[in-house]
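Rule-based calculations on the coordinates, nothing more; no lab input. This structure is a prediction, so every number in the text was calculated from the model and none was measured. Neighbour counts are summed over all protein chains in view; Cβ atoms, including those assigned to glycine, are modelled from backbone coordinates with ideal geometry.
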Amino acid sequence: MKDTFSYLFWGYNVIWAGLALFLIATWMRLGRAERRLRQLEKTSRFAPERER
């Protein structure tokens, strides 16, 4: 008879691993979006003139 609660331990670990992967993926996607926006601002017709 196996009356352990090891499934809670593994379930807890799976939840935290999933949350960590989600946060890492979100952070990476935000970084890529930031780079794309900066590049778009550089090439935009409506970009303000640079100060001399």
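Annotations
- Stretched out straight at 0.36 nm per residue, the stretch from PHE5 to ARG45 would grow longer than its current Cα-Cα span by 8.2 nm.
- With both labels modelled 7 Å from their Cα along Cα-to-Cβ, the ARG35 to LEU19 distance reads 2.9 nm.
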